[in-house]
Amino acid sequence: MSHTIFPSIDPAAHLARVREHAPLIHNITNLVAMNTMANVLLAIGASPAMVHAREEAAEFTAIADALTVNIGTLSPHWVEAMIEAAEAARLMGKPWVLDPVAVGATAYRRETGARLLERLPTVIRGNASEIIALEARGAGGRGVDSNDPAEAAEQAAIRLARRIGCVVAVTGEVDLVTDGRRLAYVHGGHPLMPRVTTLGCSLTGVVAAFLVGAEDSFEATVAALACYATAGELAGESARGPGSFAVAFLDALYALDNETLRGRLRLELTDAT
Amino acid sequence: MSHTIFPSIDPAAHLARVREHAPLIHNITNLVAMNTMANVLLAIGASPAMVHAREEAAEFTAIADALTVNIGTLSPHWVEAMIEAAEAARLMGKPWVLDPVAVGATAYRRETGARLLERLPTVIRGNASEIIALEARGAGGRGVDSNDPAEAAEQAAIRLARRIGCVVAVTGEVDLVTDGRRLAYVHGGHPLMPRVTTLGCSLTGVVAAFLVGAEDSFEATVAALACYATAGELAGESARGPGSFAVAFLDALYALDNETLRGRLRLELTDAT
Amino acid sequence: MSHTIFPSIDPAAHLARVREHAPLIHNITNLVAMNTMANVLLAIGASPAMVHAREEAAEFTAIADALTVNIGTLSPHWVEAMIEAAEAARLMGKPWVLDPVAVGATAYRRETGARLLERLPTVIRGNASEIIALEARGAGGRGVDSNDPAEAAEQAAIRLARRIGCVVAVTGEVDLVTDGRRLAYVHGGHPLMPRVTTLGCSLTGVVAAFLVGAEDSFEATVAALACYATAGELAGESARGPGSFAVAFLDALYALDNETLRGRLRLELTDAT
């Protein structure tokens, strides 16, 4: 097992690519996240668009550079649009990211999650419980359990990445990224991050933005998470609570520079076993 | 008539319960409120979830600790989900809170309000006009009238509380809570609060969080309103306008401590007559 | 061609009218914009309401003082409500503002934009690409092109204003307003404005608020844009990034006073040729 503390992944180079090309990210996301996600994508230098009608979703995916699908707030019309957009992204070879919010909570979510998984996302980003629930479905369907240890999520993430042939990112106190072969831990962030709604959902958009034009989806995902964690760390230094944290976080994303990123980066890279 | 200036209700004890158990609050709320409400619930220490599809709403209510239903932005699919979730909460004996936004404005709202009322909410929270319109429907259907005096709302609140067997909270410059037997006035807040959208809607979620595990719904509702009013008062001291007020308010909710709460508490308790 | 640097339009007088009457603005807007738009309308002194169900949309338009329709996030049920509400506004002679978000991007948007145009909006507000796409549809259907020069938008705006008999506002680094006869340029704003999501959508609501009770829709629109640009300029002076800009912008809208407005006003008025 190789274990690299100072890996070759350079988040600053990935961020520079996003800022230079301002990729158009098509998001079918939940109703709570929309505004925050749009602001996060604008702050990082991408161009967000929210388009969910079945009448136009797949057509819009063809215009966009990448797609995200988040199952946080479902309804039948939206689910069909999600499937069609994801299918369009898959057929056109565009990167798309699945965010399986609370996928284990209801039958409707488990079913929708499974249907989306069949469209082979480029990256899946969720918390430990969601990744475990999504992975376990084929083998019996475990529900959400917020007490699932990170270790359990690690093995589920590796199995899911191998089965789908994708990258899986598990975010939490320490983030974990795997493509089934490599494994990265991303340190940083701040305890106030989970106290601000939809910062995780918004990260899914940032991952999509970093995938556009990237040669290696695993490295791009790690870079996106590293930028996010660094901005969180910076925001936490001035925040007096979740309200001022949210404001400082957007300012920090917008202001991220190479020096800060490289100075604060705490990545670990290893093999997935 | 008894009249107590320093009543035995201790909002700090109720807040401590919320923070300890982080109750899961299922919200079917309006599209404007979702993000703010989620942030308010996270700031106060609860765990918010927005689930509105008929395919899963009642199933999710069974997982959650309490439910809120807000009729601010309606559509047919959502209305049916609201009814089914409220019915599920009633049958399972879970607390649920009705927020009858602009219930007197259109026939669709009056009808939806009446259907929800039949599912016997634990608490109804609205402004004076909404409570008057909701109460009057059975007797003839008065519309919204923002000039309705607080006194008129007080009598409507008492009648509504007795008819439904619930707690009614009327929020405004001074808040009023009644269970048809007791009556409380909660002072505090700040003139900028109505200049920030959906702070009232978000309070409905806070009330639901305070109901979980409470022995007395009236006391829990008063406690929720007292915490909210105190946070508003604190936020107003540093705000330069509605933008900075909204930020400071989330910070204040998050930071509320027993000493501040007890020092600033201005409740009046009396009998409902 | 007359060219007036210090025109007779007094934005402060229009703002005073909004603050005095707090007009009720009915918005059928996109899901990303709702919260921000409501906060912007409250900050400027208007009263926002978001009502989109076909079951009540036209009925609500009859209660409201003005209507806005924004096609940013479409779905079939909403589109029919938009048409019915716009038709109601037209028949009742109430001002209504069309915001044709990304109208050239998909067939569904082009079709919806054209249907709404038939209901004769009082004002159309969009960016250069949107105005060009909306105007060109009758003549062949050009898509969105964010590289369209302002000059092209100027001619499209004038043609559209004359064809529909409305006011057209094209917002960008310098805003442009025309009724097909007069032409105004509004300077101000800040480079961070396009980095905060839905500030353009929210401006559409402010235009609607300024139209209520105005004798001249062109002047009212110019006044709305001038107030917005001034608040943006002020907010930019203290912002550290898009997060703090959004907060400072709401504070600035709320605090706008006559002296500031008149001191910073940079309007140019000329004939449309």
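Does B:Ala62 satisfy being free of Cβ contacts under 8 Å to residues at least 40 places away in the same chain, facing chain A (nearest Cβ under 10 Å) and either open to solvent by 30 Å² or more (accessible area, probe 1.4 Å) or under 20 Å from the mean Cα position of the chain (by Cα) (or both)? Answer is yes for this residue.
When segment C:229-264 is limited to residues that are open to solvent by 10 Å² or more (accessible area, probe 1.4 Å), farther than 18 Å from C:Ala46 by Cβ and in a loop (DSSP other than H, G, I, E, B), the one that is farthest from the other protein chains (Cβ to nearest Cβ) turns out to be C:Ala239.
Just to verify a result, which residue in segment B:29-54, among those that are polar (S, T, N, Q) and more than 8 Å from every other protein chain (Cβ to nearest Cβ), is most open to solvent (accessible area, probe 1.4 Å)? Among residues in segment B:29-54 that are polar (S, T, N, Q) and more than 8 Å from every other protein chain (Cβ to nearest Cβ), the one most open to solvent (accessible area, probe 1.4 Å) is B:Ser47. In this structure, does A:Glu84 turn out to be surrounded by fewer than 20 Cβ atoms within 10 Å (Cβ to Cβ) and away from chain B (no Cβ under 14 Å)? The answer is yes for A:Glu84. Here C:Ala209 fulfils each of the conditions (1) of a type in the set (A, V, I, L, M, F, W, C); (2) under 30 Å from A:Ala231 (Cβ atoms); (3) buried (at least 20 other Cβ atoms within 10 Å of the Cβ) apart from (2). For the residues A:Ala226, A:Ala157, the requirement of being buried (at least 24 other Cβ atoms within 10 Å of the Cβ), touching a Leu at 6+ places or on another chain (Cβ under 8 Å), farther than 21 Å from A:Pro23 by Cβ and away from chain B (no Cβ under 13 Å) singles out A:Ala157. Residues that are among the β-branched types (Val, Ile, Thr), closer than 21 Å to B:Ala102 by Cβ and touching a helix residue (DSSP H, G or I) at 6+ places or on another chain (Cβ under 8 Å) number at least 2 in the following strands (runs of 3 or more DSSP E) confined to segment B:149-195: B:167-170. Annotation note: Cβ proximity below 7 Å between a residue of segment C:107-120 that is among the basic types (Lys, Arg) and a residue that is at pLDDT below 95 and part of a helix (DSSP H, G or I) (sequence gap 6+ or interchain) occurs for C:Arg110/C:Arg137. For segment B:165-187, what are the residues that are in contact with a strand residue (DSSP E or B) (Cβ under 8 Å, 6 or more places away or on another chain), of a type outside the set (Asp, Glu) and open to solvent by 20 Å² or more (accessible area, probe 1.4 Å)? Selection gives B:Thr171, B:Val174, B:Arg181, B:Arg182, B:Tyr185, B:His187. What residue, among those in segment B:1-28 that are β-branched (Val, Ile, Thr) and at pLDDT 95 or above, is surrounded by the most Cβ atoms within 10 Å (Cβ to Cβ)? So the residue we want is B:Ile25. When you scan segment B:29-36, do you find a residue that is within 18 Å of A:Val101 (Cα to Cα) and either hydrophobic (A, V, I, L, M, F, W, C) or free of Cβ contacts under 8 Å to residues at least 40 places away in the same chain (or both), even just one? So far as segment B:29-36 goes, yes, one or more of its residues are within 18 Å of A:Val101 (Cα to Cα) and either hydrophobic (A, V, I, L, M, F, W, C) or free of Cβ contacts under 8 Å to residues at least 40 places away in the same chain (or both). Restricting attention to segment C:91-110 and to residues that are in contact with an Asp or Glu (Cβ under 9 Å, 6 or more places away or on another chain) and outside any loop (DSSP other than H, G, I, E, B), the residue that is farthest from C:Met50 (Cα to Cα) turns out to be C:Ala107.
The values are calculated or read from the model by the stated rules, or taken from the named source; none is laboratory data. Because the structure is a prediction, the values reported are computed rather than measured. Please note: Cβ atoms are built from the backbone with ideal geometry, for glycine as well, and neighbour counts cover all protein chains shown. Just the protein is used for accessible areas: all its heavy atoms, side chains included, with ligands, DNA and RNA removed. Shrake-Rupley method; radii C 1.70, N 1.55, O 1.52, S 1.80 Å.
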